[in-house]
1. Highest first, please rank the peptides 91-103, 109-121 by the mean number of other Cβ atoms sitting within 10 Å of their residues.
2. Return the whole-Å distance between the Cα centroid of the range 216-294 and the Cα centroid of the range 130-156.
3. How high is the relative contact order of the chain, in percent, counting Cα pairs under 8 Å that sit 6 or more residues apart?
4. 5 Å is the cut-off here: which amide hydrogens, built 1.01 Å from N in the peptide plane, fall below it relative to V81, excluding neighbours closer than 5 in sequence?
5. More than 18 Å apart: what percent of Cα pairs in the range 203-260 qualify?
6. What are the lysines whose alpha-carbon lies under 23 Å from the alpha-carbon of K321, with same-chain residues fewer than 8 places away excluded?
7. Could you work out the percent of alpha carbon pairs in the range 132-257 separated by over 20 Å, rounded to a whole number?
8. Taking θ as phi - 60°, what are the ³J(HN,Hα) couplings along the range 106-111 by the Karplus curve (6.51, -1.76, 1.60), each to the nearest whole Hz, with x for Gly and Pro?
Amino acid sequence: MTDLSRIAVLVAGKLSDHAAARIVQTFDMIRMETADPEAITPQMAGKVRAIAAFGGINAVFMDALPKLEIVASFGVGYDSVDAAHAGRKGVMVTNTPDVLTEEVADTTLGLLLNTVRELSRAERYLRDGCWVKEGPYRLTPGTLRGRKAGILGMGRIGQAIARRLEAFGLPVAYHNRRRVEGLPYAYHATLMSLAAEVDTLISVVPGGASTAKAVNAEVLNALGPNGVFINIGRGSTVDEAALAKALGDGTIFAAGLDVFADEPNLPKALLDLPNATLLPHVGSASIHTRNAMADLVVDNLVSWFSKGEPVTAVPETVHVKAKV
Ligand code: NAP
Ligand code: 8YV
């Protein structure tokens, strides 16, 4: 039996109490505020075999830890971890899929409804005393009724969003690089074709080079003046300047955004727009779901060091074998 308490796990980034309690109980935990290669001491370099990542991990940081075997990343999206580099080095990378799928889909529908029916603004109206002073809140120009939804990224979360949209009575179409067999939704081979067909575009694709600024001025133009854009995936997927312009000049009707290119900083152009509903990246942010994600980070570490295989390897590192 491996004595897990002798294995040094470096925790890089802000850690939840739930994850900290389990890692401290199980491993030899070393803390670091951010993954700064300059802060790695010779003692750390000599013993760290695992990283529990609550932020980005780049190639330089991995290379500074010669005994590194696994990076267990918090979150299903792992675009801030250089998984391709890890795969080439023989370092395992894991993420936290599935356990957050339904929560993120719930948040997406909340964000969509809020965007078209102005729920945050209506509540502000009430709290500001306007209901008493001025009468009922205005009838909203936006509605879900009659809309056609398009999902960019029909993966685990995309499919959970599609099921909810069906229950709301909306037809659903989607774009992925590959068609998903067995789904009842119309497939579009290009994002432009999807945007031209629907008026409500929901982006839930991973970040990274293949999706960078995919939602651009042309796509927003194709969505049209009744268009609603919802982003629950990654901010890097959108050309934010083009989006702010499209919202400002009526090219599209409204947007609901949970993710941004440079979090937590937002361009003033977006902050100033009344037809943008903005959330601080809260898609998975309930105690229930964040604890489940933290558990999966720790379960991956425990499984790797006790059984020689992780629970949820990312595709770039599925080939990596544990050292015996
Ligand atoms: P997933 O199951 O891997 O689904 C991703 C989907 O995106 C796949 O269907 C994939 O299909 C498609 N895709 C990937 N690259 C594409 C490209 N270049 N063009 C078109 N489609 C592409 O992942 P998931 O679990 O649903 O999570 C999706 C993403 O949501 C995560 O990566 C993360 O960035 C984001 N997320 C955000 C929050 C939040 O709090 N806001 C929470 C969780 C997740 P193909 O490979 O066939 O293209
Ligand atoms: C997390 C997410 O909030 O899982 C993801 O990809 O974006 C969110 O669930 C994030 O990873 C925590 O940093």
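1. Ranked by mean Cβ neighbours within 10 Å, highest first: 91-103, 109-121.
2. 15
3. 18
4. Result for V81 returns I57.
5. Across the range 203-260, Cα pairs with separations above 18 Å total 23 percent.
6. Within the straight-line limit of under 23 Å, K321 reaches these lysines: K47, K67, K89, K307.
7. Result: 41 percent of Cα pairs exceed 20 Å.
8. With the stated coefficients, the range 106-111 comes to 4, 4, 4, 5, x, 5 Hz.
The values are calculated or read from the model by the stated rules, or taken from the named source; none is laboratory data. Keep in mind it's a predicted model, so treat the numbers as computed, not measured. No Cβ is skipped: glycine too gets one built from the backbone with ideal geometry, and neighbour counts run over all protein chains shown. Note: areas computed on protein heavy atoms with side chains; ligands, DNA, RNA excluded. Shrake-Rupley method; radii C 1.70, N 1.55, O 1.52, S 1.80 Å.
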